[in-house]
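For reference, the structure is listed below as structure tokens.
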Amino acid sequence: MIGLLVVLFLAPAALLAQAPTPPQTPAAPAQPPAPAVIGPAKIAWLNLEQAILTCEDGRREFSEVQKFVDKKNSELEQLRKESETLKNQLNVQGAKLTDEARADLEEQIESKDTALQRFQQDTQKEIDSRRVRVTNGIGRKMLPVIERIAKEKGLSAVLYINPSRDAFIDPELVITEEVIRGYNQAYPGTAAQAPAAPVPAKKE
């Protein structure tokens, strides 16, 4: 059973005493603290999408995503050709086919079109998922780099460039290239390295 919270109001001690006490001089109100002085803010801008796409990790990771997209596009094109072949067969031979053969061909076309639609939907979800994983992974690793550069420059804030919001930005205030260089220096070994060829032993 949940207990109730009870607020007890206690009578002042002056009311409980037998004799009255002399009145007390009220204390002077405390002075509010002086407001903090805030200096001018120093702000820079960052094109986050460009930084993620063009850093070394981004180039490599999105290259792998594009390979996956190209492979799935080839499979999609093959499914489309198979569907078109069945539809052409129905158009050309439809009048000559028996009712049973025509119904069987129409069922194959419907099944092929359903498989084609599902393939498109499932593949697009997988492509989007891979892009999000790459973007989030690089973005998380990039945050400490952005923070370090901001501190070195004495920046108050770093804002992401938003074309729908920003009418003009002085190019000197954009630190995208610096962030890309800083990221590549911070993570130089993340790119796949090809194994070195073995050195042949010298003959005695």
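Here, each number is a calculation from the coordinates, and none is a lab measurement. Keep in mind that this is a model prediction, so the values were computed, not measured. Note that each Cβ is placed from the backbone with ideal geometry, even for glycine, and that neighbours are counted across all protein chains shown.
Being more than 20 Å from the chain's Cα centre (by Cα), closer than 18 Å to Asn47 by Cβ and surrounded by fewer than 11 Cβ atoms within 10 Å (Cβ to Cβ) is true for just one of Pro171, Pro163. Which residue is that? Let's see the steps before the verdict.
Details: Pro163 fails: more than 20 Å from the chain's Cα centre (by Cα).
Exactly one residue qualifies, and that residue is Pro171.
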Every residue from region 120-167 that is of a type in the set (D, E, K, R), part of a helix (DSSP H, G or I), in contact with a Phe, Trp or Tyr (Cβ under 9 Å, 6 or more places away or on another chain) and over 21 Å from Glu56 (Cβ atoms)
Glu126
Test for Arg130: is it over 30 Å from Leu53 (Cβ atoms), among the basic types (Lys, Arg) and surrounded by 12 or more Cβ atoms within 10 Å (Cβ to Cβ)
no
